[in-house]
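Quick notes on the structure that follows.
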């Protein structure tokens, strides 16, 4: 479904990704793991056209995405949930959701509130008044309003209280059961392990390991080499 082949990416003169190859198949959850600064966020940005891809290819169902504008990539069915959330703080929860609405599909305000009932209770509150966890839920919900085929989640658990992380994980698991393809960028292995079928580990802009999540959980040497702080 989604595939990166030998992707090179840079911020101006700073070369960040060095031949990244990975894929997310239809209906699976794939986790991209690594320490802070390893290249996880840059990988997701390379998919949605927010970083300069200088080599390799990014394809969706075999169609090249490299060179397309971000809004064109979004219309093809890729939804990106950024690490810094980027909600509209002066708009209400309901208004934030409507900003993200796009095209025909099964996701509308009513269905989003079924998945995130707390947002329904706060529909009239301004986004800036929400807690960090509530803002993260709103960001995911707003992205779903675009009816994506693939959801890119960038560090969704970062900075959240454990009880909020647990609730967010349950909501992501529910989306998985709906058959939504998810590429999850994370430092939190415990969180990712609850959700992902397969994992990739990135270090210094290169994929160092890939395989089933169960195999990673059994391999202490790999975890210690690439994930332990």
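For this structure, a couple of remarks:
- Failed criterion for residue 46 (all others in (1) at pLDDT 95 or above; (2) under 30 Å from residue 9 (Cα atoms); (3) touching a helix residue (DSSP H, G or I) at 6+ places or on another chain (Cβ under 9 Å); (4) buried (at least 20 other Cβ atoms within 10 Å of the Cβ) hold): (3)
- If the condition is being within 22 Å of residue 154 (Cα to Cα) and over 16 Å from the mean Cα position of the chain (by Cα), then segment 79-97 contributes 88, 89, 93, 96, 97.
- Of the numbered criteria (1) without any contact (Cβ under 8 Å) to a residue 12 or more places away in the chain; (2) outside any loop (DSSP other than H, G, I, E, B); (3) out of contact with any helix residue (DSSP H, G or I) (no Cβ under 9 Å at 6 or more places or on another chain), the one residue 114 fails is (3).
- Single residue of segment 143-165 satisfying the filter (part of a helix (DSSP H, G or I) and under 13 Å from the mean Cα position of the chain (by Cα)) that is surrounded by the fewest Cβ atoms within 10 Å (Cβ to Cβ): 143
- Those helices (runs of 4 or more DSSP H) lying entirely in segment 173-229 with at least 1 residues in contact with a strand residue (DSSP E or B) (Cβ under 9 Å, 6 or more places away or on another chain) and more than 27 Å from residue 143 (Cα to Cα): 213-218, 220-226
- Residue list for segment 11-59, filter: within 10 Å of residue 205 (Cα to Cα) and part of a strand (DSSP E or B): 15, 16, 17, 18, 19, 20
- Within segment 75-94, the set of residues being surrounded by fewer than 19 Cβ atoms within 10 Å (Cβ to Cβ) and part of a helix (DSSP H, G or I) comprises 75, 94.
- Condition met for residue 136 (out of contact with any strand residue (DSSP E or B) (no Cβ under 7 Å at 6 or more places or on another chain) and buried (at least 20 other Cβ atoms within 10 Å of the Cβ)): yes
- Matching option when the condition is closer than 16 Å to residue 185 by Cα and either at pLDDT 90 or above or part of a helix (DSSP H, G or I) (or both), among 168, 97: 168
The values are calculated or read from the model by the stated rules, or taken from the named source; none is laboratory data. This structure is a prediction, so every number in the text was calculated from the model and none was measured. Don't worry about glycine lacking a Cβ; one is built from the backbone with ideal geometry, like all the others, and counts go over all protein chains shown.
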